[in-house]
Amino acid sequence: MADIAFLGLGTMGRGMVRNLLKAGHSVTAWNRTRHDLPPELSGARPAATVAEAIAGKSWVMLCVTGPDAQRSLLYGTDGVLAHLDSDSVVADATTTDPVLTVEVGHAVEAKGAVYLDTPVFGSKGEAWEGRLDFVCGGPEAAFVRLKPLLEPMAATIHYIGASGAGASMKLIGNLLVAAQLASLGEALALARKAGLDGKAVMGVFDVADYSSLLIRNVGRATLAGNYAPSFYLRHMLKDTRLIADFARRLDVPLMASGNIQHLYQAAVNRGLGDLNASGLHKMLFDASGVGD
């Protein structure tokens, strides 16, 4: 079994650590906001600093909210790069900018260590149940070594290519997620305004060729008025901004989906940022005059 440092105990990190512990690994955990470890992570060793967490560790995993938190954690005075042992492997599940990912990879390599971008698809439930889908970039030999450690947390594990490929794949996938959420909200608003029965609508959504797990699960949650966060709407706004920047750098016009970022911005401006990303539907319902 491995001795792992895990940095970041947010919505995703807690579930990931839980499954590493269940698999028998030793985990030292650190979080930016200091608090006692929850009971389900009682088998982990808490660390007061990043230096304490990663000291002597061959495996360092992190999952934080985005590029700003990532830069602080990696480059800060008490950051990973200041204390990283040579020959360590850093696996970073943060949803972030692929350009920053490549930059970090070079900085880690300069310390004699290896960096892999390992973002995931899935949210709170999948993290808790060990059903995340990993998309990984970086040196393939290091990925092969890391893969057994990802397995307790994963439904599937994909090697995409060189450094930054995993981060790129994550943004490409999240473009589809953001677009599906927006179109689902509009479809449900239209169905409700037309007076259709929600259960009947979902019965069709379950089986039609356009169905997806997101449509089936989130559709029912929205119709029940359940917007409990498994992935915050404000984080989806962050991701849509990353997607827009990514596409702009590659000269790819997002003619159909480019305006979705503005929908999420409007929802955050209405105070919905701490709801699930599907909280966007509340705004779309209101705009359609159908209420929540």
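The values are calculated or read from the model by the stated rules, or taken from the named source; none is laboratory data. None of the values given here were measured: they were computed from a predicted structure. Note: ideal-geometry Cβ built from the backbone for every residue, glycine included; neighbour counts use all protein chains shown. Heads up: the accessible areas ignore ligands, DNA and RNA and are worked out on the full protein's heavy atoms, side chains in. Shrake-Rupley method; radii C 1.70, N 1.55, O 1.52, S 1.80 Å.
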Evaluate the range 48-55: report whether one residue or more is in contact with a helix residue (DSSP H, G or I) (Cβ under 9 Å, 6 or more places away or on another chain), surrounded by fewer than 18 Cβ atoms within 10 Å (Cβ to Cβ) and among the β-branched types (Val, Ile, Thr). yes
Pull up the range 243-264, narrow it to residues that are of a type in the set (Val, Ile, Thr) and more than 18 Å from Glu186 (Cβ to Cβ), then point me to the one that is least open to solvent (accessible area, probe 1.4 Å). Ile243
Only one of (1) open to solvent by less than 20 Å² (accessible area, probe 1.4 Å); (2) assigned to a strand (DSSP E or B) is not met by Gly185, so which one is it? (2)
Could you say whether any residue in the range 64-81 is under 20 Å from Gly125 (Cα atoms) and surrounded by 23 or more Cβ atoms within 10 Å (Cβ to Cβ)? yes
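Go through the residues of the range 161-176 one by one and say whether even a single one is part of a strand (DSSP E or B) and either touching a Gly at 6+ places or on another chain (Cβ under 8 Å) or of a type in the set (S, T, N, Q) (or both). Give the derivation first.
Step one: list which residues in the range 161-176 are part of a strand (DSSP E or B), which gives 161.
Keeping just the survivors that are either touching a Gly at 6+ places or on another chain (Cβ under 8 Å) or of a type in the set (S, T, N, Q) (or both) gives 161.
Yes - at least one qualifying residue is present in the range 161-176.
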Condition first: touching a residue at least 60 places away in the same chain (Cβ under 8 Å), touching a Leu at 6+ places or on another chain (Cβ under 8 Å), more than 14 Å from Leu181 (Cα to Cα) and part of a loop (DSSP other than H, G, I, E, B). Can you find one or more residues in the range 255-275 that meet it? no
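Residues are listed down the side, and each one gets a yes or a no for (1) of a type in the set (A, V, I, L, M, F, W, C); (2) over 30 Å from Val114 (Cβ atoms); (3) open to solvent by 20 Å² or more (accessible area, probe 1.4 Å); (4) touching a strand residue (DSSP E or B) at 6+ places or on another chain (Cβ under 9 Å):
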position	(1), (2), (3), (4)
Asp206	no, yes, yes, no
Leu214	yes, yes, yes, no
Asn217	no, yes, yes, no
Ala221	yes, yes, yes, yes
Leu233	yes, yes, no, yes
Leu237	yes, yes, no, no
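Please enumerate the residues belonging to the range 1-30 that are of a type in the set (S, T, N, Q), under 22 Å from the mean Cα position of the chain (by Cα) and modelled with pLDDT of 95 or more.
Of everything in the range 1-30, those that are of a type in the set (S, T, N, Q), under 22 Å from the mean Cα position of the chain (by Cα) and modelled with pLDDT of 95 or more turn out to be Asn19, Thr28.
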Mind listing just one residue for me: the one in the range 115-136 that is open to solvent by less than 40 Å² (accessible area, probe 1.4 Å) and among the hydrophobic types (A, V, I, L, M, F, W, C) and, of those, nearest to Val80 (Cα to Cα)? Leu116
